[in-house]
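Working notes, structure below.
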Amino acid sequence: MSVTTADTHHDDHHHHAPTGLKRWLFSTNHKDIGTLYLWFSFAMLLVGGLMALVIRAELMYPGMQVVDPEFFNQMTTVHGLVMVFGAIMPATVGLANWMIPLMIGAPDMALPRMNNWSFWILPFAFGILIAAVLMSAFGEGNPSAPNFGWTFYAPLSTKYGPASTDFFILSVHMMGISSIMGAINVIVTVFNLRAPGMTLMKMPLFVWTWLITAFLLVAVMPVLAGAVTMMLTDRNFGTTFFDAAGGGDPVMFQHIFWFFGHPEVYIMILPAFGIVSSIIPTFSRKPLFGYASMVYATASIALLSFVVWAHHMFTVGMPLAGTLFFMYMTMLISVPTGVKVFNWVATMWRGSLTFELPMKWSLAFVILFTCGGLSGLMLAITPVDFQYHDTYFVVAHFHYVLVSGALFTLFAAAYYWLPKWSGVMPSKLLGELHFWNSLLSVNLLFFPMHFVGLAGMPRRYADYALQFADYNWWISIGGFWFGLSQIFFLAVAVRCAMKKGEPAPANPWDAPEEDLEWTVPSPAPFHTFDTPPVVK
Amino acid sequence: MAEQSLQQRNRKTLTKLVIGVVAMFGFAFAMVPLYNVLCDITGLNGKTNSSAAAGPTALDEDRLVTVQFVASNSRGMPWEFAPETRSLKIHPGEIKQVSFYVKNPTGEHMWAQTVPSVSPGVAAQYLKKTQCFCFDKQQLDAGSDESMPMIFYLDPEIPRHVTTVTLSYTIFDITDRVEAEQSAEKKDLAAR
């Protein structure tokens with residue numbers, strides 16, 4: 001295997017940056033690839049958001065109005081897949097690409113060509129998945145797009161999956177390969193390219209959380225690949241991994257899927273923890289409270305995430321001892337998570353707080369993520385989970401942790417680092433509009449879902465009993481409002497990309513001096529830290 | 001430690017990680033036998049013995065356990081399939097024979113496989129079958145029917161809190177798979 005590392009093509013540094021399409025297609029520069037990842041994930045956020053709006057349009061009133069149930073099922077499935085694998089994960093990889101080399105004083109990622117490859121697989125992976133939807137929507141008589149939910153439980157996705165399921169399998173394989181390569185790159189970079197004096201316990205917390213995330217990715221994305229490979233052979237080559245008629249077991253699919261799926265949840269949220277751990281100290285003018293405990297808490301969450309998977313499947317009929325084990329392990333995770341929340345609060349305690357946009361998003365995250373964590377604790381209780389299972393309560397829970405959790409910190413990160421990326425300050429007016437509209441609408445969108453869920457409204461249906469009508473109308477209003485609010489962010493991002501706005505100084509937020517990313521000029525030059533800084 | 005170039009160190013880390021990735025891919029497949037072993041020990045998924053068990057060693061005349069029989073078809077399976085006895089009460093250790101009725105109402109010869117499942121799961125390992133149609137594939141000619149026998153007993157070790165055991169069978173159409181295997185065998189023979 002040939003490995004190209006940052007130092008081997010040192011010769012062509014400092015000539016001139018390639019221009020036009022070639023700059024992006026052939027880029028091995030961590031900043032350009034980071035930018036590509038970030039724009040791609042934002043595009044996917046809008047695509048997945050449009051699908052969510054189709055769902056909310058149908059559910060605004062009881063009965064069938066906008067789409068048929070078959071298409072509705074495709075929308076819930078592909079919305080989930082696009083948001084998880086296309087929006088949240090690539091956005092965090094984009095941030096890792098941009099920020100990790102800047103934060104540890106490295107000239108680039110350790111494996112720049114693999115970096116290029118891991119990005120450019122993604123548009124094709126999602127092209128295949130979205131093409132399946134378009135072909136089914138606009139081609140008369142074409143089979144349905146994947147319609148079995150983002151968790152693709154067998155036998156829905158094997159025996160009863162539409163023909164397009166094979167597109168889905170290829171697409172998931174490609175997403176997996178991309179994530180694994182991205183993760184390997186982060187680990188190699190962090191282990192080998194830290195500036196002299198940057199010991200592991202001096203790394204910014206964002207680097208730490210991403211390093212741990214990368215290990216999770218390396219451990220579980222291959223398991224997902226294994227699961228879809230078994231699906232592929234079950235569907236096309238006569239194996240019966242998940243087919244009871246041939247001695248397989250469909251419930252085993254759920255075990256394999258959630259063995260991947262639960263760590264996946266932390267893959268999406270751990271980088272978010274790192275982001276707020278960078279932002280809150282800056283705007284509190286105090287160092288992060290309990291740095292070491294934050295590192296250990298992150299590692300504990302990652303380890304525990306491997307022994308809680310069956311809390312997604314309490315209702316499959318496990319022995320009592322099994323459900324109790326998974327219940328207690330799940331509840332145990334709230335201990336390290338609680339450590340983190342208390343540390344953020346303690347960092348703010350008696351700090352000189354100011355409330356610029358990144359801080360506003362981070363504060364919203366701390367509060368709303370904690371709400372999502374609490375409903376998660378409720379879901380962990382086995383006996384009550386039998387009532388909550390597959391209701392809108394679950395939908396409310398994971399949207400609180402993924403939208404007002406992970407997505408909000410991605411916005412926080414964007415507002416925090418946009419001056420460094422673009423060289424101009426993001427528009428304050430547009431940013432405030434974006435924040436307040438998002439904050440109000442996200443709660444209108446997801447909070448009432450707790451109530452309809454507790455009252456028994458099941459998820460994944462295109463229709464509902466009349467008693468849920470009024471709540472669903474408000475939820476849909478919240479959905480459209482939240483969707484439209486994101487146009488403000490599009491405007492903010494485009495203005496920054498066009499360099500419109502107040503020029504940004506090197507350290508616009510008065511961030512602590514040991515944060516290396518603020519020691520380079522804004523916008524960050526194409527090549528930074530060619531000679532590594534010395535960290536004391 | 002000898003000084004290594006950055007490229008060597010990168011390559012070393014990369015190699016370790018790639019090995020990790022391949023190992024985890026293998027682990028996904030290793031979960032299949034692991035799961036089956038775990039289910040055999042605990043009766044987790046309600047699977048019963050898939051080959052004939054030896055007879056009972058003791059008889060427990062103190063108690064009676066209700067055994068219910070359920071039959072259902074997997075989607076698209078056109079056969080008629082029903083238990084001839086819906087429910088009976090037996091002492092643990094007592095051997096009983098029941099039978100299931102099947103009919104192939106279609107105009108074609110078909111193959112089928114029945115898959116048993118026991119509820120509650122803890123009872124699965126105590127329901128022993130000495131003879132069962134589910135051990136083999138079944139075939140029926142167009143329009144023909146059959147009464148399929150099943151001989152079983154409950155292990156006297158069955159926990160006392162289990163007072164009702166439900167044995168359900170699902171019947172699957174495996175005509176395509178069997179015919180594909182047969183034609184492959186024929187090709188093999190012809191090739192020799």
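The values are calculated or read from the model by the stated rules, or taken from the named source; none is laboratory data. Since the model is a prediction, treat every value here as computed from it, not as a measurement. Here the Cβ is made from the backbone with ideal geometry for all residues, glycine too, and neighbour counts use every protein chain on show.
Things worth noting here:
- Those residues of the range A:230-244 which are part of a helix (DSSP H, G or I) and out of contact with any helix residue (DSSP H, G or I) (no Cβ under 8 Å at 6 or more places or on another chain), in sequence order: A:233, A:234
- Only one of the numbered conditions (1) out of contact with any Ser or Thr (no Cβ under 8 Å at 6 or more places or on another chain); (2) not in a helix (DSSP H, G or I) is not met by residue A:78, and that is (2).
- In the range A:32-54, the residues that are touching a Phe, Trp or Tyr at 6+ places or on another chain (Cβ under 7 Å) and crowded, with 21+ Cβ neighbours inside 10 Å: A:32, A:33, A:34, A:36, A:37, A:44
- Candidates A:482, A:529, filtered to the one that is surrounded by 15 or more Cβ atoms within 10 Å (Cβ to Cβ) and on the phi > 0 side of the Ramachandran plot: A:529
- None of B:97, B:125 is crowded, with 18+ Cβ neighbours inside 10 Å and either in a loop (DSSP other than H, G, I, E, B) or not assigned by TED's automatic domain parsing to the domain that holds residue B:38 (or both) except B:125.
- Test: residue A:257 is within 14 Å of another protein chain (Cβ to nearest Cβ), closer than 30 Å to residue A:327 by Cα and part of a loop (DSSP other than H, G, I, E, B): no
- Across the range A:439-457, the number of residues qualifying as within 25 Å of the chain's Cα centre (by Cα) and either closer than 18 Å to residue A:61 by Cβ or not aliphatic (A, V, I, L, M) (or both) comes to 10.
- Search result, residues across the range A:449-469 that are free of Cβ contacts under 8 Å to residues at least 40 places away in the same chain and in a helix (DSSP H, G or I): A:451, A:467
- Positions within the range A:278-303 being of a type in the set (Gly, Ala, Ser) and under 25 Å from the mean Cα position of the chain (by Cα), in sequence order: A:278, A:292, A:293, A:297, A:299, A:300, A:302
- Flag if residue B:70 is in contact (Cβ under 8 Å) with a residue 12 or more places away in the chain, assigned by TED's automatic domain parsing to the domain that holds residue B:163 and under 17 Å from residue B:171 (Cβ atoms): yes
- Residues that are in a loop (DSSP other than H, G, I, E, B) and either of a type in the set (A, V, I, L, M) or closer than 18 Å to residue A:282 by Cβ (or both) do not occur anywhere in the range A:525-533.
- Comparison of A:427, A:404, A:422 shows that the only residue that is hydroxyl-bearing (Ser, Thr, Tyr) and under 24 Å from residue A:477 (Cα atoms) is A:404.
- The test for being under 30 Å from residue B:7 (Cβ atoms) and not in a helix (DSSP H, G or I) does not hold for residue A:101.
- Residue in the range B:108-119 that is at pLDDT 85 or above, in contact with a Pro (Cβ under 8 Å, 6 or more places away or on another chain), away from every other protein chain (no Cβ under 14 Å) and outside any helix (DSSP H, G or I) present: no
- Residue check, residue A:299 farther than 24 Å from residue A:259 by Cβ, away from chain B (no Cβ under 14 Å) and surrounded by fewer than 18 Cβ atoms within 10 Å (Cβ to Cβ): no
- Residue within the range A:391-413 that is more than 22 Å from the chain's Cα centre (by Cα), surrounded by fewer than 24 Cβ atoms within 10 Å (Cβ to Cβ) and at pLDDT 95 or above present: yes
Rundown of residues vs (1) outside any helix (DSSP H, G or I); (2) of a type in the set (Phe, Trp, Tyr); (3) under 27 Å from residue A:145 (Cβ atoms), yes/no style:
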position: A:40; (1), (2), (3): no, yes, yes
position: A:43; (1), (2), (3): no, no, yes
position: A:47; (1), (2), (3): no, no, yes
position: A:54; (1), (2), (3): no, no, yes
position: A:57; (1), (2), (3): no, no, yes
position: A:64; (1), (2), (3): yes, no, yes
position: A:71; (1), (2), (3): no, yes, yes
position: A:86; (1), (2), (3): no, no, yes
position: A:106; (1), (2), (3): yes, no, no
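- Qualifying residue in the range A:269-290 (condition: under 22 Å from residue A:308 (Cα atoms), buried (at least 22 other Cβ atoms within 10 Å of the Cβ) and either touching a His at 6+ places or on another chain (Cβ under 7 Å) or at the interface with chain B (Cβ under 8 Å from one of its Cβ atoms) (or both)): no
- All of A:386, A:342, A:306 fail the test of being under 21 Å from residue A:254 (Cα atoms), under 24 Å from the mean Cα position of the chain (by Cα) and surrounded by fewer than 17 Cβ atoms within 10 Å (Cβ to Cβ), apart from A:306.
- Meets criteria (under 21 Å from the mean Cα position of the chain (by Cα), over 22 Å from residue A:516 (Cα atoms), away from chain B (no Cβ under 13 Å) and not in a loop (DSSP other than H, G, I, E, B)) for residue A:179: no
- Pairs where the first residue, in the range A:353-377, is within 17 Å of residue A:396 (Cα to Cα) and without any contact (Cβ under 8 Å) to a residue 24 or more places away in the chain and the second is outside any helix (DSSP H, G or I) and β-branched (Val, Ile, Thr), C-beta under 6 Å, 6+ apart: none
- Some residue of the range A:424-443 being under 21 Å from residue A:265 (Cα atoms) and surrounded by 20 or more Cβ atoms within 10 Å (Cβ to Cβ): yes
- The residue list A:190, A:220 contains one member that is surrounded by 23 or more Cβ atoms within 10 Å (Cβ to Cβ), at pLDDT 95 or above and more than 9 Å from chain B (Cβ to nearest Cβ), which is A:190.
- Search result, residues across the range B:27-39 that are more than 8 Å from chain A (Cβ to nearest Cβ) and at pLDDT 90 or above: B:30, B:33, B:34
- Scanning the range A:229-243 for residues that are within 11 Å of chain B (Cβ to nearest Cβ), out of contact with any Gly (no Cβ under 7 Å at 6 or more places or on another chain) and surrounded by 21 or more Cβ atoms within 10 Å (Cβ to Cβ) turns up A:230, A:243.
- Enumeration of residues in the range B:47-86 that are surrounded by 13 or more Cβ atoms within 10 Å (Cβ to Cβ), away from chain A (no Cβ under 14 Å) and of a type in the set (Ser, Thr, Tyr): B:66, B:85
- Every test in (1) buried (at least 16 other Cβ atoms within 10 Å of the Cβ); (2) among the hydrophobic types (A, V, I, L, M, F, W, C); (3) free of Cβ contacts under 8 Å to residues at least 60 places away in the same chain; (4) part of a helix (DSSP H, G or I) is passed by residue A:318 save one, and that test is (4).
- The set of residues from the range B:163-192 being among the hydrophobic types (A, V, I, L, M, F, W, C) and buried (at least 17 other Cβ atoms within 10 Å of the Cβ) comprises B:165, B:167, B:171, B:172, B:174.
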